[in-house]
Amino acid sequence: MTSFTSDVVLSMRMTDRGLYLGSKDTNLYLIDIKKGKLRVVYEGHWQKINLVYQIWDQPHIIITVSESNVKVWDTEKDVCVLNMNEHTSTIVFCEINP
């Protein structure tokens, strides 16, 4: 997996669109595993990405959690639609309810 990233993969999530890799280099990578190619690099976190979630009733929404930052991504448009960066301490857990 490190052939797609410049650093260690810390989290991953498989979706219909492909494999999302959260990396220590602060980026989220979308890999087309059928073709074995990098599709998109999502940038914007300041710290390593520890968690990657998908909203099941909205499959085009991906949530990433870094040490003190949460981002919500629209993967149809490949943009960050919500940035929650006012946490003052490390986020260690996040639960997504259907």
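Throughout, read-outs are computed from the coordinates displayed, never taken from laboratory work. Nothing here was measured: the structure is a model prediction, and the numbers come from that model. All Cβ positions, even for glycine, are placed from backbone atoms using ideal geometry, and neighbour counts span all protein chains on display.
So the values come out like this:
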| quantity | calculated |
| --- | --- |
| Dipole magnitude (debye, nearest 20) for the stretch 9-84, charges at Cβ of Lys, Arg, Asp, Glu | 280 |
| Percent of Cα-Cα distances greater than 15 Å, calculated over the stretch 9-84 | 47 |
| Number of Lys pairs (Cα under 25 Å; 8 or more positions apart or on different chains) in the stretch 9-84 | 13 |
| Listed residue (LEU82, GLY18, ILE55) projecting farthest to the positive dipole end of the stretch 9-84, Cβ model | GLY18 |
